[in-house]
1. Can you confirm whether segment 36-50 contains a residue that is assigned to a loop (DSSP other than H, G, I, E, B), modelled with pLDDT of 65 or more and open to solvent by 100 Å² or more (accessible area, probe 1.4 Å)?
2. Could you please find all residues in segment 64-118 being modelled with pLDDT of 95 or more, assigned to a loop (DSSP other than H, G, I, E, B) and of a type in the set (Val, Ile, Thr)?
3. Testing Trp24 on (1) modelled with pLDDT of 95 or more; (2) assigned to a helix (DSSP H, G or I); (3) open to solvent by 40 Å² or more (accessible area, probe 1.4 Å), one condition comes back false. Which one is that?
4. I need a count of the residues in segment 62-100 that are touching a helix residue (DSSP H, G or I) at 6+ places or on another chain (Cβ under 7 Å) and open to solvent by 90 Å² or more (accessible area, probe 1.4 Å).
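The values are calculated or read from the model by the stated rules, or taken from the named source; none is laboratory data. What you see is a predicted model, and the numbers here were worked out from it, not measured in a lab. As a convention, Cβ positions derive from the backbone with ideal geometry for all residues, glycine included, and neighbour counts pool all protein chains shown. Each accessible area value is taken on the protein alone, full model and side chains, heavy atoms only, with ligands, DNA and RNA left out. Shrake-Rupley method; radii C 1.70, N 1.55, O 1.52, S 1.80 Å.
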Amino acid sequence: MTHAESLEPADPLPFEWAKAFPSWFQTPPPERIGLQGEYDYHGLQKRVEAVFSQQFVPSELERLTVSQRGRVVILQGVVSDHAMLRELVSLAKQVEGTYRVETAWVTCTAEQNLMMAI
């Protein structure tokens with residue numbers, strides 16, 4: 001046997017991808033699923049926005065921004081009142097993949113008017 005013969009590749013072992021990774025690694029996490037079921041890094045944000053647009057008139061949402069950090073939905077901006085904010089939070093929590101909703105950067109129009117009057 002020569003040295004070159006010893007370097008010939010052996011028959012490759014069959015590789016089964018399904019067994020190589022755990023099942024949770026083979027499918028995208030729920031916060032990364034888009035509107036049509038495709039992988040989308042901002043999928044949760046887009047699905048929450050879609051739910052909001054079905055429940056509210058666009059003019060009610062024009063001063064509200066939705067973003068995501070992993071499974072956390074972040075609301076920022078101005079809404080009309082606390083009842084609307086509670087409804088937005090409730091709707092966002094119902095979207096698959098949402099773990100928590102942050103509202104620290106949301107103010108209500110009524111509060112802004114009060115602050116302007118002072």
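1. yes
2. Scanning segment 64-118 gives Val95, Thr98.
3. (1)
4. 2
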